[in-house]
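As structure tokens, the structure follows; a few thoughts come after it.
The values are calculated or read from the model by the stated rules, or taken from the named source; none is laboratory data. Keep in mind it's a predicted model, so treat the numbers as computed, not measured. Heads up, the Cβs are rebuilt from the backbone with ideal geometry, glycines too, and the neighbour counts pull from every protein chain shown.
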């Protein structure tokens, strides 16, 4: 098992031991649903009610190394725990609380990876929502790969229903049209 997968297994184990519900997102989820690409870290969403940031951060940092001196304060402020697995792989644990994140974790399923790793990853639809919402150049590349591999299997109604209100909050509703064009091209 490679270092990234081993780190992801460790992170999911830490969450399970701490009774924290979570799922893998980011590059490892792209490997499941889109065009595989290299990733240097493990990205997860860990459910954490608003106001519970300190407790959840402490649970994670007790078992994972911190990547910065003020990791706890940063996590409480930004709702992202910047940690490091025991093998040195960076871990970004987003503390999720909004209804979409709760639904994404609930919809996550286990998937086998090479070397015997089994990771609970978000669905292809939820990954598409996360990528379109983030909207960075690599996210649009990843979205094209997801559309190419999943095409007509994607639940576009679900994607629209989840993404439209998030983009309205971000004031970038035009990104829904951009995603629709990518999905249409690969339907």
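Residues are listed down the side, and each one gets a yes or a no for (1) more than 17 Å from the chain's Cα centre (by Cα); (2) outside the structural domain of residue 140 (by TED's automatic domain parsing); (3) over 16 Å from residue 124 (Cα atoms):
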residue	(1), (2), (3)
28	no, yes, no
33	no, yes, no
45	no, yes, no
48	no, yes, yes
55	yes, yes, yes
61	yes, yes, yes
66	yes, yes, yes
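Need pairs with beta-carbon distance below 6 Å; first residue within 11 Å of residue 21 (Cα to Cα) and in the same structural domain as residue 79 (by TED's automatic domain parsing) and within the stretch 96-107, second modelled with pLDDT under 95 and in a helix (DSSP H, G or I); sequence gap 6+ or separate chains.
So the pair list comes out empty.
A quick yes/no check of all residues on (1) at pLDDT below 95; (2) under 21 Å from residue 98 (Cα atoms):
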site	(1), (2)
142	no, no
149	no, no
152	yes, no
157	no, yes
162	no, yes
169	yes, yes
173	yes, yes
178	no, no
187	yes, no
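Cβ contacts < 7 Å: first residue closer than 17 Å to residue 15 by Cβ, restricted to the stretch 63-78; second residue part of a loop (DSSP other than H, G, I, E, B), any location; separation 6+ or different chain. Result?
Close Cβ pairs (under 7 Å, with a partner that is part of a loop (DSSP other than H, G, I, E, B)) amount to 64/85.
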